[in-house]
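Worksheet for the structure shown next.
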């Protein structure tokens, strides 16, 4: 079979493109691309929950915050190596996600959006709370160190970090792709489109919904961990409503229920605000807002659907 | 004891503001089953319009009387231009548009008026607290204004033909259309009214919490909590819920959780109401036929 027409070609191409910055980009550009990977994982997490399962969450920033703080606290207080914190943050976030998924079962559509929005508003306050001060560092946050490349690899810390994030991201993307292609993915979509029919077919809606919540929280939490290591700093005010809305924007722009859309969404939320920022400090918000509305009207399936439409047209 | 009474009184004063915003939310919810996430930002924007007028030398009450109709027009326009085409769209699309509106209003306000905190004048004067020092002039005045607004909205829906038509359009759009009620116009009217109520609430709360583009996030959350507590299907319930949330917020902030966790109180109320009694205290339990 020809390489170009193979169904693995997009992924081979993607990996090739993804490795390119390692060789050519400056340290700052590399940092930006590392953040793209981080955002892509977070947007993918939200996409599993909202795009595939139809549970609209505006509060995934809370899971990102938990992941970031788990990593920061473990590195700062107990000197645990950065890579070893990621499984912990995945497990903790999945647990929290599962618990939040339980009341979410009783909330349909708009109410869930509202409650998770409230969660996003409350997150910075909870992180600042005095009782946890000893661990979270309160308003000051926690500063952590950038890891060096192991095994004497000839990479500087930025290059290593990018490669590390990329590897974690690739594993998670493969996991998610296989998941949504299989039985579980079909069940998730069935619950989104026709809950009644899904239940009649023997799908345990409560079980799938809470576990999707846990899964989404796990992805987002891992993104949070990677984000904390990349930025080398966590502080409560970074994890407010804007962060959650950023993920939401990324998901809508990239395209709901699309794995590749998560990458496009991440590129969008990393680079478009930078460009808009040059016009005015307030411009990124306006760009987000207007683009959200425009996408809802013109391209509800996001950029991913645009590619699908272009493909379908005869050349 | 004095402190306790004082907390209750300021709870009622802020509760009145939450009640107004809750009422605005319920009006749109009843008609469209959408929760307008942008309600707070629209109110904030209106408050900036009022401030601009006042700074240009317009007397307070004149600025007030200009801001309310302007907000009405903005609200009605948003319904006609943005919301109406999406009336039948899935939840994700409406949430997306509401969030889009929220972000747009927030950043446009930041763009035009900057993000610095601005004091907003109170029309009720600074003078000494009244009634033995329990009530500040602004608390009394803003509560009075809130009550007048709530009463006139109630009277409008109860006694006028237009109010009846709006209720009909919200309750049963199909039948209303059949008997000649212009349902879409009624929806636009509802959005306009909601925006006007929000504008008044914004102007009443701004002297207390200062004006900045993010000022309404907390207010909106408390209003959500109030609307849910009272029952989002019941306007009177939402108003009562708003007042209750105002009192809970003040007492909780003073005696239980401290001011740092005030917003978390709102989250807590929302989660408890939605899980324990989703219909709220006075709302109808929704039964959907399958």
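Note the angle between two axes, namely the Cα long axis of helix B:262-276 and the longest principal axis of the Cα atoms of chain B, as a number of degrees from 0 to 90, rounded to the nearest 10. Result, in degrees: 40.
Largest GNM mean-square fluctuation across A:138, A:250, A:224, computed for chain A with C-alpha springs under 10 Å, falls on A:138. Across peptide A:289-302, the average count of Cβ atoms from other chains found within 10 Å of a residue's Cβ is 5. Compared with the dominant principal axis of the Cα atoms in chain B, helix B:137-159 is inclined by about 20°.
Could you sort A:206-219, B:66-79 so that the peptide with the highest average Cβ count within 10 Å comes first and the rest follow in order?
Values: A:206-219: 22.5, B:66-79: 19.7.
The packing order, highest mean first, is A:206-219, B:66-79.
Taken over the alpha carbons of the range B:31-117 as equal point scatterers, the Debye sum produces base-10 log I(q)/I(0) values at 0.14, 0.21 Å⁻¹ of -0.55, -1.02.
Could you work out the per residue convex hull volume over the alpha carbons of the range A:53-106, in cubic angstrom?
Roughly 78 Å³ of hull volume per residue.
Label positions at residue A:175 and residue B:255, each projected 7 Å from the Cα along the C-beta direction, are separated by 4.7 nm. The packing ranking, built from the mean of other Cβ atoms within 10 Å per residue, places the peptides B:193-199, B:146-152 in the order B:193-199, B:146-152, highest first. Its Cα gyration tensor gives the range A:67-137 an equivalent ellipsoid. The semi-axes, each the square root of 5 times an eigenvalue, are 27, 16, 8 Å from largest down.
Note that the protein assembly as shown carries a Kirkwood radius of 25.4 Å, evaluated over its alpha carbons pair by pair.
How far, in degrees from 0 to 90, does helix B:235-251 lean away from the longest principal axis of the Cα atoms of chain B, to the nearest 10? Tilt of helix B:235-251: around 30 degrees.
Where the centroid of each part is defined by its Cα atoms, how far is the range A:160-233 from the range A:87-139 in Å? Comparing the Cα centres of the range A:160-233 and the range A:87-139, I get a distance of 17 Å.
Put the Cα centre of the range A:249-315 next to the Cα centre of the range B:76-122 and the gap is 19 Å. Summarising the label geometry, the points placed 7 Å from Cα in the beta-carbon direction at residue A:16 and residue A:134 lie 5.6 nm from one another.
Ranked by the mean number of other Cβ atoms within 10 Å of their residues, highest first, the peptides B:32-38, B:21-27 come out as B:21-27, B:32-38.
Please find the FRET efficiency linking residue A:233 to residue A:294, where r is the Cβ-Cβ separation and R0 is fixed at 30 Å, and quote it to the nearest 0.05. List each step's numbers first, then the result.
Numbers: r = 34 Å, r/R0 = 1.13.
E(calc), rounded to 0.05, equals 0.35.
Two decimals is fine: what is log10 I(q)/I(0) at q = 0.12, 0.17, 0.18 Å⁻¹ for the range A:32-270, from a Debye sum with one equal scatterer on every Cα and no solvent? Once normalised to I(0) and log-transformed, intensities are -0.62, -1.20, -1.32.
Computed from the alpha carbon atoms alone, the convex hull of the range A:98-229 holds 146 Å³ per residue.
With contacts taken as Cα pairs under 8 Å and at least 6 residues apart, chain B reaches a relative contact order of 36 percent. The tail of the calculated P(r) for the range B:2-276, taken as Cα-Cα distances beyond 30 Å, holds 27 percent of the pairs. The label-point distance for residue A:186 and residue B:151, in a model that sets each label 7 Å from Cα toward Cβ, rounds to 6.4 nm. Counted over all Cα-Cα pairs of the range A:181-294, pairs farther apart than 22 Å make up 47 percent.
Only the coordinates and a few stated rules stand behind these numbers; no lab work does. All of these numbers come straight from a predicted model, not from anything done at the bench. We place every Cβ from the backbone using ideal geometry, glycine too, and count neighbours over all the protein chains shown.
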